[in-house]
Amino acid sequence: MIFAIITHVPHLLQKKQYFAYAPYVREMNSWIRNVDQVILVTPIAKSAKTPIDASYKHENIELMPIAGFDVLSLKTILLSMYKIPKISWQIYKAMQKADHIHLRCPGNIGLLGCLVQILFPAKPKTAKYAGNWDPQSKQPWSYRLQKWLLSNTFLTRNMQVLVYGEWKVRTKNIKPFFTATYSEADKLPFTQKDLERGISFVFVGALVKGKNPLYAIQLVEKLVQRGYTISLALYGEGVERKVLADYIISNGLEDYIELKGNQSQSVLKEAYQHSHFVILPSASEGWPKAIAEGMFWGCVPLSTAVSCLPYMLDYGRRGVLLEMDLEKDQAQMALLLENQLDYNEKQKKAADWSRAYTLDVFEKEVGDLLLSK
């Protein structure tokens, strides 16, 4: 099988290996493990390899580099009008050659893929919509257009669209799905975490406004002011790093809060294992891996009620849904921190749920998708 991947994720070539953002690559390795050839239609990364990049595990990859583009200003719109015809032609050629077409959405390249795939109604196709599928959420027009195209079974034929969460309104080609990081072999026992000996929080994600890392810092700050012995480690990089660092210093939080930067999967795994809570007060998510990974290792999750997160946290029974109001959230956290039994129950429910979604299950599901007609 020739498997064509149409993606906006930037890739780079180093020592005859293709690298990209590690969580994405690890997932794609599950998709391509049993195909004969991979055609990779992708922009080329402008930066060097980082600790959060990983390589594809396949011997036969054909790279079809394309230009990236955006429509954020008049200048980039004009440039995009020049680039789009060539990119669309390159996507068409890859789809023409492929036995199976796989789109990664949402994104500008994914949008073009959604349009070009209309010309191949008979070819088997899958699309992974890694963003928020909630039909009631406010999203950019390009995201809404991609969702409409993917849901339109007249224009989009012979495709299974994988989305996060269970949604009442969906067409027959929409399939609730998941993603995974750990295998069945990783299901090692973890100890219950005592709330009396210091409480640790971990944030894993990009340091950008949309992820609200400042809110995580401020919530921990409020709890410290209430007298709790708490620490917070933030893993990730982004444009908000200096703002966060300045806030930590100006408010004297250096003893409680630390910016750890981008780290490898093994470092993150150890952080989850030694943390009581994983926090992600994000404004928008698809399937937040940080939450699922933290739950796997016995962290009680704290997150906003966006996308499929209420489902993941069972509406608060296996975690805490943040209201993004510091007074209300610190109050509900104080109640939990004073109740070890409630914490233990949430921890067990969270781990039991997350450990049902292993790489072994994921690879079987993906294999079934590729074999289905």
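The values are calculated or read from the model by the stated rules, or taken from the named source; none is laboratory data. In this text, all values refer to a predicted model and were calculated from it rather than measured experimentally. Every residue, glycine among them, receives a Cβ derived from its backbone with ideal geometry; neighbour counts consider all protein chains shown.
All conditions in (1) under 19 Å from residue 166 (Cα atoms); (2) buried (at least 20 other Cβ atoms within 10 Å of the Cβ); (3) of a type in the set (A, V, I, L, M) hold for residue 300, with the sole exception of (1).
In the range 108-142, what count of residues is obtained for those that are small (Gly, Ala, Ser) and within 19 Å of residue 155 (Cα to Cα)?
Applying the first criterion (small (Gly, Ala, Ser)) to the range 108-142 yields 110, 113, 122, 127, 130-131, 137, 142.
Now restrict to residues that are within 19 Å of residue 155 (Cα to Cα): 110, 113, 122, 127, 142.
Residues flagged as small (Gly, Ala, Ser) and within 19 Å of residue 155 (Cα to Cα) within the range 108-142 amount to 5.
If you check residue 347 against the conditions, is it part of a helix (DSSP H, G or I), more than 26 Å from residue 105 (Cβ to Cβ) and in contact (Cβ under 8 Å) with a residue 60 or more places away in the chain? So residue 347 fits the description; yes. Of the residues 137, 142, the single one that is closer than 17 Å to residue 285 by Cα, assigned to a loop (DSSP other than H, G, I, E, B), modelled with pLDDT under 95 and small (Gly, Ala, Ser) is 137. Of the candidates 169, 161, the single residue that is part of a strand (DSSP E or B) and farther than 30 Å from residue 298 by Cβ is 161. Among all residues of the range 277-299, there is none that is in contact with a Phe, Trp or Tyr (Cβ under 8 Å, 6 or more places away or on another chain) and basic (Lys, Arg).
All of 179, 229 fail the test of being of a type in the set (Ser, Thr, Tyr) and free of Cβ contacts under 8 Å to residues at least 40 places away in the same chain, apart from 229.
Looking across the range 21-42, the residues that are modelled with pLDDT of 95 or more, of a type outside the set (Val, Ile, Thr) and assigned to a strand (DSSP E or B) come down to 37, 40. Across the range 2-53, the qualifying residues are those that are of a type in the set (Gly, Ala, Ser) and without any contact (Cβ under 8 Å) to a residue 40 or more places away in the chain, and the one among them that is surrounded by the most Cβ atoms within 10 Å (Cβ to Cβ) is 20.
Taking the range 46-79 on its own, how many of its residues are assigned to a loop (DSSP other than H, G, I, E, B) and either among the small types (Gly, Ala, Ser) or over 19 Å from residue 34 (Cα atoms) (or both)? Steps first, answer last, please.
So in the range 46-79, the residues assigned to a loop (DSSP other than H, G, I, E, B) come out as 46-52, 56-60, 67-73.
Those left that are additionally either among the small types (Gly, Ala, Ser) or over 19 Å from residue 34 (Cα atoms) (or both): 46-52, 67-73.
Residues meeting the conditions: 14.
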